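Encoded as structure tokens, the structure appears first; notes follow it.
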Amino acid sequence: MAVPLLDIRDATKIYGGGLFGGRRVVALQGFNLAIHEKPATITTIAGESGSGKTTLANLVLGFLHLTSGQILYKGVDIAAMDARQKFEYRREVQAVFQDPYEVYNPFYRVKHIFELAIQRFRLAQNKAEAREMIEDALRVVGMRGEEVLEKYPHQLSGGQRQRMMVARAYMLKPRIIVADEPVSMVDASLRAMILDIMLHLRDDYGISFLYITHDLSTAYQIGDDIYVLYQGLVAERGETSRVIENPRHPYVQLLVGSIPVPDPTVKWDTNLRLPTEEEMRSSATGGCRFYPRCPQRMDRCLQALPPLYSIEAEHDAACYLYEAQQQAMLTGRTNAS
């Protein structure tokens, strides 16, 4: 079987503790994910604030180091890469962040972000070649250099700044783009445009995405697969349409149920009733972390963290409700063989 392009194995990140015995926070625990080279895919990492989504993105980008586990790129652990391998990894795994304005230096014209990347990765032999690369990247996102390159960041709209960051990432010919909430700070029309660009890059240029979002509606529009996180753990994973159309974990059912329906006669209850943070964290070291909020909780849920149970092909949920179902499936396969 082909080696995955990106292979995340049992990734765990814990903050705090250590020499001074501070409060430990398990930001991500036992996370597994494989992205293959072909076909290119958009894999969504979804969940509430504090679920571990951005921690995962920062681990993949090398901004944070794992407490335990591995992240492999083309079969090589990124923590053990030599200088040449790291250089290749940084070019082939690019990022697009939530707030594009923070990426720009306000004292430079916006062309600086392209020129810096070309210089850093030695992409062009001369200025003419560099300019052609920049123009080509801008065309992919529906922009023209003559309209934007000589401007300063504050002279561009949020949507323009975000599309330029996508263009900069594309210019480096990456294999994977980590997109951390890339459309959360733009309006609806620009959101649709940026999502369409992501689909274009996947389908026409073979670029895979790790799409970090709290917005299940955009995940449903463009995602191939989805991993829904809750307090650092995978609650449910599978093909995006299956998970969102038929959620099986009580937490994911709550998330999907909170999406307003496009019917003015249906009143949307916006009053989410959540326990305090301390109550939610009370089961962090043992038992299901969703227990305080779960409408279907059982005594069993307090004994140990539930593993991911297979509900059907390409659809798993970490809930004891499906333990018997998986046992029946395994028994049926054994009898059939």
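Please check the chain for the longest run free of chymotrypsin sites (Phe, Trp or Tyr not before Pro) that are loop-located per DSSP (anything but H, G, I, E, B) and have at most 13 other Cβ atoms within 10 Å.
Details: sites that count: 63, 107, 108, 268.
Longest site-free region, per DSSP loop and neighbour criteria: 109-267.
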Where no second cysteine Cβ lies under 4.7 Å, the cysteines concerned in the chain: 294, 319
Residues whose placed amide H lies under 5 Å from that of residue 96, excluding near-sequence neighbours: 178, 179, 180
Trypsin sites (Lys or Arg not before Pro) within segment 78-129: DSSP coil, no more than 15 neighbouring Cβ in 10 Å: 122
Distance between modelled label sites at residue 15 and residue 108, nm, 7 Å Cα→Cβ extension: 2.9 nm
Overall form of segment 27-121 per C-alpha gyration tensor (a/c, 1.5; a/b vs b/c): oblate
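Rounded, prolate or oblate: which fits segment 82-143 when a ≥ b ≥ c are the square roots of the eigenvalues of the alpha-carbon gyration tensor, with rounded for a/c under 1.5 and prolate only if a/b beats b/c? Before the final figure, lay out the partial values.
On the way: a/c = 1.58, a/b = 1.13, b/c = 1.40.
Cα axes put segment 82-143 in the oblate bin.
Need one number: % antiparallel among DSSP beta bridges in the chain, to the nearest 5.
Details: 26 of 44 bridges.
Restricted to the chain, the bridges split so that about 60 percent are antiparallel.
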Efficiency of FRET from Cβ geometry, residue 241 and residue 87, R₀ 41 Å, rounded to 0.05: 0.60
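Explain nothing, just the number: relative contact order of segment 2-117, from Cα pairs under 8 Å at least 6 residues apart, as a whole percent.
Values: 137 pairs, mean separation 32.3, N = 116.
For segment 2-117, the relative contact order is 28 percent.
For every other residue with a beta carbon closer than 13 angstrom to the beta carbon of residue 139, add +1 if it is Lys or Arg and -1 if Asp or Glu, then tell me the sum. Could the numbers behind the result be given before it?
On the way: positive: 131, 144, 163; negative: 132, 135, 136, 146, 147, 204.
Once positives and negatives cancel, what remains is -3.
Report D for segment 180-247 in µm² per second (integer): Stokes-Einstein, Kirkwood Rh on Cα pairs, 25 °C, 0.890 mPa s. Can you show the working numbers first?
On the way: Rh = 12.8 Å.
It diffuses with D of about 192 µm²/s by this estimate.
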Net +/- balance of residues flanking residue 15 in space, Cβ distance below 11 Å, scoring K and R +1, D and E -1: +3
Per-residue [θ]222 nm for the chain (sum of -39500 (n - 2.57) over DSSP H runs n ≥ 4, rounded to 500): -10000 deg cm²/dmol
Label selected from [x] 28, 55, 17, 1; [y] 31, 62, 7; [z] 29, 60, 11, 0, the criterion being P(r) over Cα pairs in 20 Å bins from 0, in percent as computed here: [x]
Residues with amide H under 5 Å from that of residue 67, placed H, sequence gap 5 or more: 12, 13, 14
Spin-label zone in segment 213-238 - amide nitrogen under 15 Å from a point set 7 Å from the Cα of residue 325 along the C-beta vector: 235-238
Segment 63-215 - percent relative contact order, Cα under 8 Å, separation 6 or more: 29 percent
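Find out how many positive minus negative residues lie around residue 75, taking Lys and Arg as positive, Asp and Glu as negative, among other residues whose Cβ is under 12 Å from that of residue 75. Walk me through the numbers before you get to the answer.
Working: positive: 9, 74; negative: 7, 37, 77.
Here the count lands on -1.
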All lysines inside 27 Å of residue 127 as judged from Cα atoms, apart from same-chain residues fewer than 8 positions distant: 86, 111, 151, 173
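Please state the relative contact order of the chain as a whole percent: Cα pairs under 8 Å, 6+ residues apart? The partial results should precede the final answer.
On the way: 543 pairs, mean separation 62.8, N = 337.
Value for the chain: 19 percent.
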Solvent-accessible area, 1.4 Å probe, carbon plus sulfur percent, for segment 36-107: 52 percent
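The values are calculated or read from the model by the stated rules, or taken from the named source; none is laboratory data. Bear in mind the structure is a predicted one, so any value in this text is a computation, not a measurement. For neighbour counting, all protein chains shown are included, and Cβ atoms are generated from backbone atoms with ideal geometry for every residue, glycine included. Ligands, DNA and RNA are stripped out before the accessible areas are found, and what is left, the full protein with its side chains, is counted by its heavy atoms. Shrake-Rupley method; radii C 1.70, N 1.55, O 1.52, S 1.80 Å.
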